[in-house]
Amino acid sequence: MLFAPAGLGPSFRCATLRPQMRALTFASSKHQEGVEMQLSHVETINKHEEFGRQAREMASKSLPRHLLGKICLEPIDHKALAAFRSVDVSQDRLVSWNWNFASRYKIFYPKAFELSVWHGSTLCSLTLGRPTYKGTAVRLDFIERFNKHILFANDMFPISLLAYEAYARLIGATQIRVMDPLNEKLVKYYSSHGGFEYCRAKQGVPHYLVKNL
């Protein structure tokens, strides 16, 4: 899945991208053709955006002492996307995602959870995930840290995990899944954060790490 922690590389890499991006492109094209979202779909988006706001607030209050008042947790909004576009693209990224797809992701997956992590005016990381179809787990599908030299770089994955655990509890999920780690080094890194078990790929589902809440 996701990003590459400090010392392991600049970006954490997440889930298999191509199938999701094809689906998101289709959803976006249908929207552009004038297909309106059903009212129930809009209501689901609004409901889970509120859950997301609550989860970010809960996680902010539960940050370790050395991060309190220094790190801000926000959605992936216009400010976050503008900050992403100003990122130095020459830096050594493990992934080449254009995070502008976040808005399409949220339309296609109305229960999605989004997170941007900030230190002052510096964008530190972006994360996107969603519940599984049965709603029993929350997947961390995409996460990227933008500069391994930022202050608190080693805290980016634990911060994201804290927020996703809060979101999972709010919607009644009992597991967190880190989808499709890029390499063995990342598998070991995520596993070092306690409680994760490794699940091999099978029947079209990529390998992932799972943690019970």
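The values are calculated or read from the model by the stated rules, or taken from the named source; none is laboratory data. Small disclaimer: the values here were computed from a predicted structure and weren't measured. FYI the Cβ positions are ideal-geometry reconstructions off the backbone, even for glycines, and counts take in every protein chain you see.
The criterion of being in contact with a Leu (Cβ under 7 Å, 6 or more places away or on another chain), among the aromatic types (F, W, Y) and over 20 Å from K70 (Cβ atoms) does not hold for F152. Looking only at residues that are at pLDDT 95 or above and over 12 Å from the mean Cα position of the chain (by Cα) in region 137-155, which one is surrounded by the fewest Cβ atoms within 10 Å (Cβ to Cβ)? So the residue we want is A137. Within region 137-166, residues that are without any contact (Cβ under 8 Å) to a residue 40 or more places away in the chain and on the phi > 0 side of the Ramachandran plot have Cβ atoms under 8 Å from residues that are aliphatic (A, V, I, L, M) and in a helix (DSSP H, G or I) in no pair, counting only partners at least 6 apart in sequence or on another chain.
Helices (runs of 4 or more DSSP H) fully within region 1-102 that include at least 1 residues being modelled with pLDDT of 90 or more and more than 18 Å from the chain's Cα centre (by Cα): 39-61. One residue is enough: does region 156-176 have a residue meeting the conditions buried (at least 18 other Cβ atoms within 10 Å of the Cβ), basic (K, R) and outside any strand (DSSP E or B)? No, region 156-176 contains no residue that is buried (at least 18 other Cβ atoms within 10 Å of the Cβ), basic (K, R) and outside any strand (DSSP E or B). Would you confirm whether or not region 105-119 contains a residue that is modelled with pLDDT under 95, part of a helix (DSSP H, G or I), more than 20 Å from T174 (Cα to Cα) and touching a strand residue (DSSP E or B) at 6+ places or on another chain (Cβ under 7 Å)? Yes, there is a match, as at least one residue in region 105-119 is modelled with pLDDT under 95, part of a helix (DSSP H, G or I), more than 20 Å from T174 (Cα to Cα) and touching a strand residue (DSSP E or B) at 6+ places or on another chain (Cβ under 7 Å).
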